[in-house]
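S.K.: Below: one structure in structure tokens.
Please treat every number below as a calculation from the coordinates, not as lab data. Bear in mind that the values here come from a model prediction, so they are computed numbers and not experimental data. So basically every Cβ, Gly included, is an ideal-geometry build from the backbone, and we count neighbours across all protein chains shown.
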Amino acid sequence: MRWGCWSAVVLVVVIFGAASAADYVFESSVIKGVGYSSHEVFGQTAPGLAGQKFAERISGTGSFYDITRYEQDAHRGFINYTKEAEFEYFPVTYEGRSYDRKWTDKMCIKNHDAGAVFTEAYTNAEHIQRNTEVVTVGNGARKFVEVHLNSNVIGKALLGWSSKDTTPDRKGRYFEIGMSREEMTGIFSIETYVKLSSNSSNETHVDWLPCT
């Protein structure tokens, strides 16, 4: 099989502050094609164990259609992310080389200010169709993670969230307010809304927010 037609439109805007640090990023992309694809995104609004962290990694072979908008403002302390995508697995051969990898699509968002983390992950997938919207804010009194997602999958999926108090007890432990972890294998559809919010003014940053 030879590669089909592919196209990509990518817009990236970076605004530099007075200290020559990129504190605002906006990316809008439309990518579609047939073949092997690998894509990785990482962003953070503050260094170290503070602020908002975002990470996504996608790879696989077959046909793919991916519309993504990513906005990050370190000064105002927020990340906005939306994705509409469809991935269909099949082996691909191009110029005598074979590519054969089922789709992996993993996304994790952390809000250290609110003590909240959310994970959406698909692995060993033959088909992924997903719509995801994420807003995470940690500036001032507004500290929350909000997620809307709708997906149809053939493969494996993991959805999870965790919320913890940002103030440790006398033993240095962080009280877990709530958590959810759901693993699925097979053919299924998912529709989920999650909001994890903190009204606390405490600015202690947590260092124990692993992706679920």
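S.K.: For the residues THR119, THR192, THR185, what sequence is obtained by ranking on other C-beta atoms within 10 Å, fewest first? Don't skip to the answer; put the middle values down first.
M.R.: Values: THR119 20, THR192 16, THR185 12.
Ordered by Cβ neighbours within 10 Å, fewest first: THR185, THR192, THR119.
S.K.: Search the structure for amide H atoms under 5 Å from the amide H of GLY51, placed 1.01 Å from N in the peptide plane, and list their residues when 5 or more places away or on another chain.
M.R.: HIS112, ASP113
S.K.: Still on this structure: Can you list the HN-Hα couplings for the range 37-52, worked out from phi with the Karplus curve (6.51, -1.76, 1.60; θ = phi - 60°), rounded to whole Hz and with x for Gly and Pro?
M.R.: Calculated HN-Hα couplings, in order: 10, 9, 9, 9, 10, 9, x, 8, 8, 8, x, x, 8, 8, x, 10 Hz.
S.K.: Over the Cα atoms of the range 7-198, Rg to Rh with Kirkwood Rh, two decimal places? Walk me through the numbers on the way to the answer.
M.R.: On the way: Rg = 18.0 Å, Rh = 17.8 Å.
Radius of gyration relative to Kirkwood radius: 1.01.
S.K.: Taking the Cα centre of the range 7-198 as the origin, how large is its charge dipole in debye, to the nearest 20, when only Lys and Arg (+1) and Asp and Glu (-1) carry charge on their Cβ atoms? Show your work: numbers first, answer last.
M.R.: Values: 21 positive and 24 negative charges, 122 e Å.
Here the range 7-198 has a charge dipole of around 580 debye.
S.K.: To the nearest 20 debye, what charge dipole does the range 50-93 have about its Cα centre, counting +1 at the Cβ of each Lys and Arg and -1 at the Cβ of each Asp and Glu? It would help to have the intermediate numbers written out before the result.
M.R.: Details: 5 positive and 7 negative charges, 50 e Å.
Roughly 240 debye for the range 50-93.
S.K.: Still on this structure, please answer the following. Taking the Cβ of ALA121 as the centre, find all other residues whose Cβ is under 15 Å away and add up their charges (Lys, Arg: +1; Asp, Glu: -1). Intermediate results must be reported in sequence, preceding the final value.
M.R.: Working: positive: ARG57, LYS83, LYS102, LYS106, LYS110, ARG130, LYS156, ARG181; negative: GLU40, GLU56, ASP105, GLU120, GLU182, GLU183.
Residues near ALA121 contribute +2 overall.
S.K.: Next question, about the same structure. Toward the positive end of the charge dipole of the range 91-157, about the Cα centre and with charges on Cβ (Lys, Arg +1; Asp, Glu -1), which of TYR94, THR136, ASN111 goes farthest?
M.R.: ASN111
S.K.: Which net charge results for the neighbourhood of ILE58, defined as the other residues with beta-carbon distances under 10 angstrom from its beta-carbon, given Lys and Arg at +1 and Asp and Glu at -1? Mind dumping the intermediate values first?
M.R.: Values: positive: ARG57, LYS83, LYS106; negative: GLU40, GLU56, ASP66, ASP105.
Result for the neighbourhood of ILE58: -1.
S.K.: What is the order of SER29, SER189, SER37, fewest Cβ neighbours within 10 Å to most?
M.R.: Values: SER29 16, SER189 9, SER37 21.
Least to most surrounded, the residues fall as SER189, SER29, SER37.
S.K.: Moving to a separate point now. Sorting SER151, SER59, SER98 on the 10 Å Cβ count, fewest up front, what's the list?
M.R.: Details: SER151 20, SER59 16, SER98 11.
Going from sparsest to densest Cβ surroundings: SER98, SER59, SER151.
S.K.: Also: Over the range 7-198, how many pairs of lysines fall under 15 Å by alpha carbon, counting only those 8 or more apart in sequence or from different chains?
M.R.: Lysine pairs, 8 or more places apart or on different chains, close enough: 13.
S.K.: State, as an integer percentage, the relative contact order of the range 7-198 based on alpha-carbon contacts under 8 Å between residues 6 or more apart.
M.R.: On the way: 562 pairs, mean separation 30.9, N = 192.
Rounded, it is 16 percent for the range 7-198.
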